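Chemist: First, the structure itself, so that you have it in front of you.
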2 protein chains.
Amino acid sequence: MNKTSRSGGDMPVEEFRRVGHEAIEWVANYLEDPGKHPVLANCRPGELQSRLPSRGPRTGESMDVILHDFEESILPAVTHWNHPRFHGYFSISSSGPGILGELLTATLDVNAMLWKSCPAATELEQTTVAWMLDWLDLPAEWFGMILDSASSGVLHALVAARQRTEPQSRSAGASGPLVAYVSEHTHSSVEKAAIAVGLGQSNVRHIAVDARFRMRTDELARAIRSDLSQDLRPFFAVATVGTTSTTAVDPVEEIGSLCREYGLWLHVDGAYGGSFGIVPECRHILNGVDQADSFVVNPHKMMMVPLDCSLLYTCHPGQLRSAFALGAEYLKTDAANAVDYMDYGLVLGRRFRALKLWFVMRYFGLDGLVALLRDVLRMAAWLGEQIAADARFELVERGAMGLICFRLHRGDAATKQLMSRINGSGRFFVSHTVVGGRFTIRVAIGNIRTQQSNVEELWAFMAEAAGSCRQSRASMRH
Amino acid sequence: MNKTSRSGGDMPVEEFRRVGHEAIEWVANYLEDPGKHPVLANCRPGELQSRLPSRGPRTGESMDVILHDFEESILPAVTHWNHPRFHGYFSISSSGPGILGELLTATLDVNAMLWKSCPAATELEQTTVAWMLDWLDLPAEWFGMILDSASSGVLHALVAARQRTEPQSRSAGASGPLVAYVSEHTHSSVEKAAIAVGLGQSNVRHIAVDARFRMRTDELARAIRSDLSQDLRPFFAVATVGTTSTTAVDPVEEIGSLCREYGLWLHVDGAYGGSFGIVPECRHILNGVDQADSFVVNPHKMMMVPLDCSLLYTCHPGQLRSAFALGAEYLKTDAANAVDYMDYGLVLGRRFRALKLWFVMRYFGLDGLVALLRDVLRMAAWLGEQIAADARFELVERGAMGLICFRLHRGDAATKQLMSRINGSGRFFVSHTVVGGRFTIRVAIGNIRTQQSNVEELWAFMAEAAGSCRQSRASMRH
């Protein structure tokens, strides 16, 4: 028996076996302590590119050489998101079961466009999105699907909402003047999607926020009425559960009431924050979400699922279908009663993302994921307490989820200097935002490997470094 | 040393190591002979879902149990795309190096939204898209990026083209009346994207095709002139290199000339066919593509890269940037001269897809991939010859790429019956289309494990089964 003969033109199976086991060892060693790598890549723009050949190889190379180059060339230019001291943007995690799910997904390589094109992919998608609704205590009858990102999710929501408001737009094109409402702190992807779907950036209203960065519903009501009085058509509003800048939670119930009063589609962006809804003592953040027309939560953010895995829910699947279903003959299927997910969205090429989600949900279970999120909440709250107790710091957000936002009383220049020192240490990565016109450091806690000792280490460094961060002459002038 | 203590709340590393090695063994055994599985799932809609628990588990479960359920419950409901006798839709492949690339991508879990968020992901993306341009002999100066699918690619192209034609639309919204041109055989994703971006389905013209299913440029010219005479604004045309129904190649050069004459953006859809451009004797299919404004090729189709990996090129990156760049403070980066890919597209959550592409390009090399595509071409041409030589069959497309299209002279009912027998055998999966109003079977050849003996087996089965496929009474009446 020639074991490799059947593999056709692919890597011989025995070679895959050998290299695959080596790769698993590499992954295991990596996961054992991602923290041994500098969290931020230490390179200049173009540096890696200039070191790689400008042309692809004419003849094939061995995996040993390729994996060697991966370690020698690629890895030093990696910013390690799966690192216990990665606190930038939002801190996310790919867990062991999620990684193994991706391995099997890549192996099967199925396309979940139609039920028939892979029944398992479609039905496991239906199953896992239903499980998540149950865990989040949201309406069981909602339709759910897995997309790549919340950016895609809101694009789908905008198109479905337009379909509801102006059904003729599918055929005739966007005619406007439709108006969408977000807060000053809503994620920029909504505006981007609004441009893409032809709504126009000028038809996105940025509603002011209150002192805790939550959308002001009085301002929302005023804006809607003002637009109506000018014969514009308010049709869409976004409430965010966990904004990107500060994890603020918009007043979803009140925004929902206004949406119902004026006939707007309510989209709730829980890309980051939604996951905390599985934690009983946090479930209140989802109050009112059951009244949403669409809702997004990203298990690739706070549910230990590798990128990409974003869930889009809606109670109006018919609107998605009305907007997106097209019957090309080569895609017609004879399976009645089956969901063909491609009819509910933009793309046909749909990975089997449900597999990794199923692995993660089963491996950790609800209790396990709740425990992981409680660890996050506890560490974030601890850091918030340290900062609040130190008179040099101004705490902007104390970690109701996994994010702490703060600045130095000494002003923006000093705060920027502190951030430079933190990131320049090579040990931590934090990012920033500007809120209330002031430069603010964000410390996102969320990686599955982050432990209390990591956060203590960060605080010790910050507390020490803050002492020598000075007002610049420019900021002293104010 | 407690080896597992560092892994925090994740699967302990020793467990990952054990289960990971088991998973590699499973994958190796699978890849050794995917053909031992029935290619089509044998299940009814809802069957798998009804067998799975309706709620996710409260407490975590062991990976052994989960992997057991994967084999027992999920696998029988899988349609095996990575199977040597999968000839439906387009036959694609995930190869060993591509699978290992996905394993490492899931492990690192980086987001390639900004250069800074992972320099390696951005620069390897720049490097691999440049390598591919070189292999395809297309303009080296083109800007390229990796998206999930050609559906997303054409959405980006439409938005960029609108940005060029009506720069005010970004702010004011789509105002129309913009018109896009596709052929009767252009992929439905273009129409879907046109609906999504607010262009309107009625503003997509379906230009008639010639006897070989290629867009008729005289009809295109007539349609453009007709629209201009009605004060509509022609702005976008799609030429396809390898249509989904029959792998027809539109006359790209002539369409391009018309586009330049009338100021239209030419988008070339080479999602499937583009890959054959690396084969010297096929390179002519890309003639004229150097004049395109945008071009898509999907390495996840014919380049042995696991889903998803779709390359979008354009010579107008500034238009993409003008449409999509938005500066949220929390995303501002200090890296001048660096490409922040999120500024060129819709989504922020961008997987490190370049890694698997780099692995595949290096492992096989240009010569290796050309050899694999030549195998595909040879097998497809062989099957075409058998069909052409059999008087019962009518050959519609003889396999200039990897697709054979045919029907039985006896009529649609007999052809449908033949397809049912082929798929009902459990040994093969073929799909269908309707061209010229007639039901037509598509045999896509392209899986990396498909060998001549598989195709001979299919032909023997078809030739035998065709003998007993009868005209239905309905079709005899005609």
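The values are calculated or read from the model by the stated rules, or taken from the named source; none is laboratory data. Just so you know, these numbers come straight off a predicted model, no measurement behind them. Cβ sites come from the backbone with ideal geometry, for glycine too, and all protein chains shown count toward neighbours. Please note that ligands, DNA and RNA were not included when accessible areas were found on the heavy atoms of the full protein model with its side chains. Shrake-Rupley method; radii C 1.70, N 1.55, O 1.52, S 1.80 Å.
Chemist: Quick one: length gained pulling B:A140 to B:E281 fully straight, 0.36 nm per residue minus the C-alpha distance?
Modeler: Numbers: separation 141, 0.36 × 141 = 50.76 nm, distance 2.10 nm.
Extra length from B:A140 to B:E281 when fully extended: 48.7 nm.
Chemist: I'd like the accessible area for A:S54: 1.4 Å probe, protein heavy atoms, all chains in place, Å² to the nearest 10.
Modeler: Accessible area of A:S54: about 100 Å².
Chemist: Not counting ligands, DNA or RNA, and with a 1.4 Å probe, what is A:R427's accessible surface area in Å² rounded to the nearest 10?
Modeler: Accessible area of A:R427: about 90 Å².
Chemist: Taking amide H positions as placed 1.01 Å from N in the peptide plane, with prolines and chain starts having none, which residues 5 or more places from B:V435, or on another chain, fall under 5 Å of its amide H?
Modeler: The answer is B:T440.
Chemist: Here is a follow-up. Taking the label point 7 Å from Cα in the Cβ direction, how far apart in nm is B:N42 from each other copy of itself, listed shortest first?
Modeler: For B:N42, the inter-copy label distances come out at 5.9 nm.
Chemist: Can I ask one more? So how much accessible area does A:E219 have, in Å² to the nearest 10, using a 1.4 Å probe?
Modeler: Counting only protein heavy atoms, the figure is 50 Å².
Chemist: Under 1.5 on a/c is rounded, so check that first for the protein assembly as shown, then, if it is not, pick prolate when a/b is larger than b/c and oblate when it is not; a ≥ b ≥ c are the square roots of the alpha carbon gyration tensor eigenvalues. Working shown, then result.
Modeler: Values: a/c = 1.64, a/b = 1.34, b/c = 1.23.
Because a/c hits 1.5 or more and a/b exceeds b/c, the protein assembly as shown counts as prolate.
Chemist: Then there is this: Scanning chain B for helices, which whole DSSP H stretches are 27 Å or more long along the axis (Cα) and average -1.0 or more by Kyte-Doolittle?
Modeler: Working: long enough: B:13-32 (28 Å, -0.42); B:354-388 (42 Å, 0.86).
Length and hydropathy pass: B:13-32, B:354-388.
Chemist: Turning to a different aspect of this structure: List the residue from chain B whose beta-carbon is nearest to the axis that rotates chain B onto chain A, together with that distance in whole Å.
Modeler: Closest to the rotation axis on chain B: B:G198, 1.
Chemist: So, one more: Where both partners of a DSSP beta bridge lie in chain B, what percent of those bridges are antiparallel, to the nearest 5? The partial results should precede the final answer.
Modeler: Numbers: 24 of 43 bridges.
Around 55 percent antiparallel, to the nearest 5.
Chemist: Run the label-point distances for B:N287 please: 7 Å along Cα to Cβ, every other copy, nanometres, shortest first.
Modeler: 7.0
Chemist: Take the alpha-carbon centre of segment A:163-228, take the same for segment B:152-185, and report the distance between them in whole Å.
Modeler: First find each Cα centre; the distance between them is then 21 Å.
Chemist: Could you order B:D250, B:D231 so the one with the most accessible surface comes first? Probe is 1.4 Å.
Modeler: Values: B:D250 5, B:D231 125 Å².
Reading off the accessible areas and sorting them downward yields B:D231, B:D250.
Chemist: Still on this structure: Could you tell me whether chain B comes out rounded, prolate or oblate from its Cα gyration tensor? Rule is a ≥ b ≥ c as square roots of the eigenvalues, rounded for a/c under 1.5, then prolate if a/b exceeds b/c, otherwise oblate. Before the final figure, lay out each step's value.
Modeler: On the way: a/c = 1.72, a/b = 1.02, b/c = 1.69.
Oblate, because a/c is 1.5 or more while a/b does not exceed b/c.
Chemist: Where the centroid of each part is defined by its Cα atoms, how far is segment A:89-126 from segment B:350-389 in Å?
Modeler: Spelled out, the Cα-based centre of one part sits 24 Å from the other.
Chemist: Classify segment A:174-270 as rounded, prolate or oblate, taking a ≥ b ≥ c as the square roots of the eigenvalues of its Cα gyration tensor: rounded when a/c is under 1.5, otherwise prolate if a/b is larger than b/c and oblate if not. Can you show the working numbers first?
Modeler: Working: a/c = 1.84, a/b = 1.28, b/c = 1.44.
The shape class here is oblate.
Chemist: Amide H of A:Y181: which non-local residues (sequence gap of 5 or more, or other chain) have their own amide H closer than 5 Å, using H built in the peptide plane?
Modeler: Close amide H contacts, sequence-distant or interchain: A:R205, A:F236, A:A237, A:V238.
Chemist: If R₀ is 22 angstrom, what is the calculated FRET efficiency for the pair B:H409 and B:F461, using the beta carbon separation as r and rounding to 0.05?
Modeler: Working: r = 19 Å, r/R0 = 0.86.
Plugging the Cβ-Cβ distance into 1/(1 + (r/R0)^6) gives 0.70.
Chemist: Sticking with this one: Among A:T415, A:G345, A:V289, whose Cα sits farthest toward the positive end of the charge dipole of chain A (+1 at Cβ of Lys/Arg, -1 at Cβ of Asp/Glu, about the Cα centre)?
Modeler: A:T415
Chemist: Positive end of the dipole of segment B:61-188, charges at C-beta (+1 Lys, Arg; -1 Asp, Glu), about the Cα centre: which of B:G101, B:S91, B:V182 has its Cα farthest in that direction?
Modeler: Farthest towards the positive end: B:V182.
Chemist: Say a label goes 7 Å from Cα toward Cβ at A:R222 in every copy; what distances in nm does this one have to the rest, shortest first?
Modeler: In ascending order, 5.9 nm.
Chemist: Whenever you get a sec, line up B:R449, A:R233, B:R85 from highest to lowest accessible area (probe 1.4 Å, protein heavy atoms).
Modeler: Working: B:R449 5, A:R233 95, B:R85 30 Å².
The ordering from most to least exposed comes out as A:R233, B:R85, B:R449.
Chemist: Take A:S245, A:S453 and sort them by solvent-accessible surface of the protein heavy atoms, 1.4 Å probe, largest at the top.
Modeler: Working: A:S245 10, A:S453 70 Å².
Correct descending sequence by accessible area is A:S453, A:S245.
Chemist: Quote the charge dipole size of the protein assembly as shown about the Cα centre in Debye, to the nearest 20; the model charges only the Cβ of Lys and Arg (+1) and of Asp and Glu (-1).
Modeler: Working: 94 positive and 104 negative charges, 210 e Å.
Dipole of the protein assembly as shown, to the nearest 20 debye: 1000 debye.
Chemist: I'd like the mean, over residues of A:142-150, of how many other protein chain beta carbons sit within 10 Å of each residue's own Cβ. Mind dumping the intermediate values first?
Modeler: Working: counts 0, 0, 0, 0, 0, 3, 10, 9, 3.
Per residue, the number of nearby Cβ atoms from other chains is 3 on average.
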